[in-house]
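Let me begin by presenting the structure, written as structure tokens, before commenting on it.
Throughout, read-outs are computed from the coordinates displayed, never taken from laboratory work. As the structure is a prediction and not an experimental result, all values here were calculated from the model. Counting neighbours? That spans all protein chains shown, and the Cβs are built from the backbone with ideal geometry, glycine included.
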Amino acid sequence: MTRNLLFVGGGIETLPGLTLAHGMGLRVLVSDRNPQAPCMAVADVALIADTYDGAATIQALKDAGERPDGVVCLGTDVPLTVALVARAFDLVSVSYQTARIAMDKLAMKDRFKERGVPIPWYAPVTSTDHLRELIAAEGFPLVIKPVDSRGARGVTRLTEDGDPDWAYACAESFSPTRRVMAERYLSGPQISTESLVVNGKVYTPGFSDRNYEFLDRYAPFFIENGGDLPGSLPEETRRAVKELAAEAARALDVRNGVVKGDLVVSEGTPYVIEAAVRMSGGYFCTHTIPKSTGVELVRHAIHLALGDKVDENALIPVRENPVCQRYLFPEPGRVIEIEGLERVRRDPAVFYLELRVKPGDVIAPIQNHPGRAGVLMTTGATAEEARANARRAVETIQIKTTPQ
Ligand SMILES: Nc1ncnc2c1ncn2[C@@H]1O[C@H](COP(=O)(O)OP(=O)(O)O)[C@@H](O)[C@H]1O
Ligand SMILES: [Mg+2]
């Protein structure tokens with residue numbers, strides 16, 4: 001009998017996951033508030049429901065007479081809705097409690113602290129006066145962020161010459177509950193991991209050096225410019241980071257599910273910045289991880305969600321091919337023309353290119369990750385070659401803008 005898989009959220013980055021699910025012979029349901037969301041037209045069943053609203057999602061399923069056999073989210077940070085749907089239909093997912101903690105950076109940090117997982121110093125901030133007291137006690141640099149947002153929205157680095165009032169207001173404006181927190185800024189290489197937890201055993205095929213070469217250009221915002229797989233950290237450090245990602249997954253009590261980690265290696269020691277209980281965005285799980293390692297993470301995550309037996313051997317990388325992913329950052333303004341696309345499309349080193357802007361669009365100054373104008377991915381015989389190929393492709397694509 002054909003089984004039903006629900007994707008909560010139908011954005012563009014979810015689309016390859018949906019295609020894969022179709023290839024697995026599944027009937028695909030997608031829920032999204034937006035009927036025009038990219039996955040809606042290709043889904044077997046499109047349900048209109050806010051991805052953050054678990055009750056509405058369950059109601060939409062019931063109204064449509066649908067019963068999912070599995071529920072996942074990919075590139076959307078909605079584990080609470082996934083957990084609620086899973087509970088309502090008796091499916092495999094992280095628990096409601098785990099999802100709740102993962103959606104609240106303070107609750108998550110409290111949990112990590114309680115379980116001895118290394119994290120930066122942190123504290124809730126209740127007002128700008130309170131922030132000043134914290135600065136007096138802890139010094140600079142700090143990171144000020146909303147307790148419950150995502151995509152680096154409202155996250156800024158606060159240094160001596162920064163404006164605490166502005167940083168507080170910026171973070172607050174992106175928190176649905178108006179809650180702000182501060183953390184010690186930890187310098188050092190940043191890493192993305194993606195793990196699959198199968199009956200409590202953690203596998204981490206996803207490992208990428210996050211590229212922050214634009215840290216200063218876009219300061220005080222944190223704008224990641226892409227990632228490199230398998231990255232350039234020594235094997236020993238990589239092992240320590242993967243072990244910490246596993247510790248984070250265990251601390252969140254994930255027994256079966258996906259954990260996406262943001263970690264930093266500061267002065268040789270790995271720390272967890274956060275862990276999300278969902279499949280990654282940015283085509284990490286759908287493109288770069290499989291390309292680099294041979295592990296089809298999404299396929300296994302879907303099997304896990306369906307309650308199938310997961311082939312655990314298939315979660316261990318069979319290779320470590322250099323893969324480089326880079327975002328496009330045109331100058332702000334109105335797009336007048338875009339050149340070089342054909343040349344880049346013909347480049348055999350480029351295996352993915354997606355442009356998110358077209359002539360006539362207005363590009364705002366970049367302040368968070370959803371604001372990026374496009375993405376491409378390359379391979380190469382060596383990490384350096386993959387990076388050079390990406391650099392060349394990024395330079396070839398000329399997105400010309402006029403200042404507004
Ligand atoms: N304490 C920190 N030290 C260093 N960098 C940080 C710290 N906190 C956040 N960042 C940077 O800011 C980015 C966004 O912050 P994060 O807490 O992951 O929020 P989001 O949920 O929006 O991704 C991180 O990926 C990281 O690059
Ligand atoms: Mg993050």
Checked the stretch 121-184 with the C-alpha gyration tensor, a ≥ b ≥ c its square-rooted eigenvalues, rounded below a/c of 1.5, otherwise prolate if a/b is larger than b/c and oblate if not; verdict prolate
On a C-alpha basis, how far is the centre of the stretch 172-196 from the centre of the stretch 338-402 in Å? Whole number, if you could? 26 Å
Subtract the Cα-Cα distance of Lys113 and Arg346 from 0.36 nm times their separation in residues, and report this length gain in nm to one decimal. 78.9 nm
Whole-Å semi-axes of the chain's equivalent ellipsoid, largest first, each the root of 5 times a Cα gyration tensor eigenvalue? 30, 27, 23
I want to check the label-to-label distance for Glu385 and Glu160. Put each point 7 Å from Cα in the C-beta direction and report it in nm to one decimal. 4.6 nm
Under the rule of -39500 (n - 2.57) per DSSP H run of 4 or more residues, summed and divided by the residues of the chain, what mean residue ellipticity at 222 nm is obtained, to the nearest 500 deg cm²/dmol? -8500 deg cm²/dmol
What is the magnitude of the charge dipole of the chain about its Cα centre, with +1 placed on the Cβ of each Lys and Arg, -1 on the Cβ of each Asp and Glu, and no other charges, expressed in debye to the nearest 20? 680 debye
Taking the radius of gyration and the Kirkwood hydrodynamic radius from Cα positions alone, what is the Rg/Rh ratio for the stretch 25-158, to two decimal places? 1.09
A chain fully extended from Ala314 to Glu133 at 0.36 nm per residue, minus the present Cα-Cα distance, gains in nm 60.1 nm
Please list 3J(HN,Hα) in residue order for the stretch 225-234, calculated via the Karplus relation 6.51 cos²θ - 1.76 cosθ + 1.60 where θ = phi - 60°; whole Hz, with x for glycine and proline. 9, x, x, 10, 10, x, x, 10, 6, x
Cα pair count fraction exceeding 21 Å, expressed as % - the stretch 278-347: 47 percent
Please give, to one decimal in nm, the separation of the simple spin-label points placed at Ala64 and Leu106, each 7 Å out from Cα toward the Cβ. 3.6 nm
Step through the residues of the stretch 215-223 one at a time and calculate ³J(HN,Hα) from phi using the Karplus curve (6.51 cos²θ - 1.76 cosθ + 1.60, θ = phi - 60°), rounding each to whole Hz and writing x for Gly and Pro. 3, 6, 4, 9, 4, x, 7, 9, 10
Which whole-percent values make up P(r) of the stretch 4-91 when all C-alpha to C-alpha distances are grouped in 5 Å steps starting at zero? 3, 18, 31, 28, 17, 3
Are there any helices in the chain, counted as whole DSSP H runs, that stretch 18 Å or more along their axis by Cα and score at least -1.0 on average by Kyte-Doolittle, and if so which? 235-251
Determine ³J(HN,Hα), in whole Hz, for all residues of the stretch 148-155 in sequence, where each value follows from phi through the Karplus function 6.51 cos²θ - 1.76 cosθ + 1.60 and θ = phi - 60°; x replaces Gly and Pro. 9, 9, 7, x, 6, 5, x, 8
Taking a crude spin-label model, label points 7 Å out from Cα along the C-beta direction, the Gln398 to Ala219 distance in nm is 3.2 nm
Which of the pairs Lys242/Lys309; Lys201/Lys309; Lys105/Lys201 have their Cα atoms more than 19 Å apart in this structure? Lys242/Lys309; Lys105/Lys201
Cα gyration tensor shape for the stretch 187-315, rounded if a/c is under 1.5, else prolate or oblate: prolate
